[in-house]
1. If neighbour count is taken as other Cβ atoms inside 10 Å, put A:209, A:216 in order from fewest to most.
2. What list do you get for B:36, B:84 if you sort them by fewest beta carbons within 10 Å?
3. What's the magnitude of the charge dipole for chain A around its Cα centre, counting Lys and Arg as +1 and Asp and Glu as -1 at the beta-carbon? Answer in Debye, nearest 20.
4. What shape does the stretch A:147-228 take by its C-alpha gyration tensor, where a ≥ b ≥ c are the square roots of the eigenvalues and a/c under 1.5 counts as rounded, a/b above b/c as prolate, and the rest as oblate?
5. Is it possible to state the helix-based mean residue ellipticity at 222 nm for chain A, with each DSSP H run of 4+ residues giving -39500 (n - 2.57), the sum divided by total residues, to the nearest 500 deg cm²/dmol? What is it?
6. Between the stretch A:40-97 and the stretch A:176-224, how many Å separate their Cα centres?
7. Could you tell me the center-to-center distance, by alpha carbons, between the stretch B:137-206 and the stretch A:371-396 in angstrom?
8. Taking the 0 to 90 degree range and rounding to the nearest ten, how far is the long axis of helix A:185-216 tilted relative to the main principal axis of chain A, both from C-alpha atoms?
Amino acid sequence: MSSPDSGNRIVQWIEYRLPIFSWLDHTVGSGYPAPKNLNYLWNMGSLAGIVLMIQIVTGIVLAMHYVPHGDMAFDSVEHIMRNVNYGWLIRYLHSNGASMFFLVVYIHIFRGMYYGSYKYPRELLWWLGLVILLLMMASAFMGYVLPWGQMSFWGATVITNLFSAIPLIGEPIVTWLWGGFAIASPTLQRFFSLHYLLPFVIVGIVILHIWALHIHGSNNPTGIDVKGPQDTIPFHPYYTVKDLFGLGVFLIIFAYWVFYNPNYLGHPDNYIPANPLQTPPHIVPEWYLLPFYAILRAIPDKLGGVIAMGASIGVLFLIPWLDTSRVRVATFRPIYKQFFWILLADVVILGWVGANPPEGHFILIGQLATTYYFLHFLIVMPFAGWFESPRKPPDSISSSVLEKGGGNASAKEAVQ
Amino acid sequence: MTSYRQMTRLRASVFALATGFILLSAGPSLAAEDSRTLKSPGFSFQGPFGTFDRGELQRGFQVYQEVCSSCHALKYFAFRNLPRIGFSEDQAKAIAAEYEVTDGPDVEGEMFERPARLADHMPSPFANDNAARSANNGALPPDLSLMVKARAGGEDYLYSLLTGYEDPPSDVELGEGMSFNPYFGGRQIAMPPPLFEDGVEYADGTAASVDQMARDLSTFLTWVAEPDLETRKGMGIKVMIFLILLTALLYMVKRKVWRDIH
C-alpha cells in the first residue's frame, strides 16, 4: 500500500487531483486503525470479498463460451468442459466457488451473531450484510439453473412455483417470471441475464457494507469499544498479512474441491439434460440452501411454508432489537452462549433434514428444528438478555490483550 | 492464557461444524439410490495421483464399439479424442473411417453419406429418441457420454450394474422384457445383461471375462465423462505444493510482523 505522503512524484500528482491513495490507505491501509485483538474468524469478510472477485472473473470467462438457450445450454457447458482451453478448471472454480462463498459467508454471519456484531451501532452494517446474503441466494439459485440439467430445471420449477402461493396475483407472477406458460428457454435466458447482473449489485452493496463498517470500525472478540490508540493497530501491515495467511489456508481447501472432488458438492442429476417430462425422485437444492428448504417444507401449507422461509431470514433483520443484552459478546454470557451453539446445531439439523426426502421421522425433526429456530430468536434472545447475569468483560481491549499475552511477556523479560 | 485456549476451541468447533454441515447435507443426496452397497473394485484413476491405464481405455472403447454402440449413443466423444486414449493418429483415422456420417448439402443440395473423419463425433445408433424407443421395447437407451458423472457412485455404480445381473428373488415379478439388477433404481432394468464371457475378442489378447469387460468399460466411460481428469489431478498436485509452501511462508511473515504486538 503506497502511503499518501510517499515521495513518489507520480503518486503526489495523482493524489493532488484524485486522493485515491489516501482513500485506499484509510480503507485497507495503515490509516485504518483496527482493534488489536481480532481473531481468525475476522478473516472471513476479506475472504468473502476475494471469493466474490473470483466468481466474477471466472463467470465472465464462462459467459464468453456459454449459450443461454434451452436447446444449447447443456451442450455449451460440455463444450466448455471438453473443448475450451482449461474450461474445466474455470467451470469447477466457478461452481465450487459458489459453495466456498457461502461457507465463508455463513461463518462470517455466525461470527457476527456470536460476538454481537449486529448490535448498536452496527445495525445497518448487519442489514446490508443480510441484503448481500439474499442477493447471493438469488444469484446462486439462478446460476444453478444455467447448466440446464435435470436438477437445474426441476429446482427452478420448485422455486418459481413458490410465488404461486401468493393469493390472487400468484399465478400471473409465475407466468411473468417464466416468460411463458412453462419453464423453457425464455426463463433460462432471463435467469442468465440476471445471474450476470446480480453480482455487480452485490459489489455495490459490499461497498456500502464496508463504508458502514468503517464508520464505527470492526467489532472485536471482547465486544468492548475501542477506547484509544492503545487498543488499535493499523490495518496494514497487521491485518493485511493475517488476511493473506488466511487466504492461503482458504485456497488450499478451495483447491481440494476443485482438483480432487469437483462434483461432490453438486448433484449427479445435473449431468442429465433437462427433461420436462421426467421428474427426478428427489429434488434438492445445493447444500447452502438446504436449511431454508427444510423450513419451507416444515409447514404443511404452501403459503405458510413460503412465509416461514421468508421469515427465517426476515427475523435476522430484527435481532439488533430482539437481543436485549447489554453485553455484546456471547463469551461473557454463560446462558446465551449455550443457546448459540444449540442454534448452530439446529441449523445443521435443518440442513440434514433438507437433504432428505420429507417422509417418516424427517417430517417431525424438520418441524421441531424449524420451531426451535424461531424460538431462539423470538424467545431465547430477548429473555436471555433480560434474565441472565453476564460476566464482567475486561476493562479495555489492550488490557485483555495484555492478560492473554501476559505469560509470554514475563517469559521474555526473564530471558532478558 | 485460558481465553486464548477458549478461542482455539471455539475456532476448531466452528470449522468442524461447518465441514460436518457440508458432509452431512451433501452425503445423503449423493447416496440416495435404494438397493445395496456398490462394489468398489478399485480403479487406477481414483485417488489424488490417479491416471488412466491406456490398455483399459482402449479395451473399454472396444467394448463400447462392439457391445454398447448398437443401442447407446456417445455424442460428446469425437474421433479426434482417440489419440488421447493411446491410439496413434493413423489408427484413429482408420477407426473413424469404419463409421458413416451424414454430411452435406453438396453442390446439388443433396445430403450424402461419407466415412467419418477425426473431426466427427461418434454417430448415434438411432436417428432420434422415438426410433430408439421403438427398437427397444419402449425404453430409451441413454447417451453414455456423461453416465459416470450422472449417477451417484460414478464408476463403481457402472461396474456394479454391469456385473450385478441376477435371477430375480421369488417375490419379484419382472415386467415383460425386463431384467433383475439390484443396483438399478427400482431393481428392474430394460437393458438385458450386456456382457458375456468372451463376448468380445480383445485386440491385445486379454481374456474377456465379464469382470474385465465391466472394468474396462467403466474406465473408458469415466474418461469420456471427464477427459481432463489426469490433467486436473496432475495440476492439483502442483497447485497444492505451491499453496502449502506459500501459506507456510505467509504464516512466518505474519509471525514476524505481529511479533511485537502481544
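1. Neighbour counts put them in this order, fewest first: A:216, A:209.
2. By the 10 Å Cβ count, ascending: B:36, B:84.
3. Computed about the Cα centre, the dipole is about 740 debye.
4. prolate
5. Dividing the helical sum by the residues of chain A leaves -21500 deg cm²/dmol.
6. The stretch A:40-97 and the stretch A:176-224 have Cα centres spaced 17 Å from each other.
7. Value for the Cα centre distance between the two parts: 58 Å.
8. The helix A:185-216 is inclined about 10 degrees to chain A.
Read-outs: derived from the displayed coordinates by stated rules, not from any lab. None of the values given here were measured: they were computed from a predicted structure. Here Cβ is always computed from backbone atoms with ideal geometry, including for glycine, and neighbour counts include all displayed protein chains.
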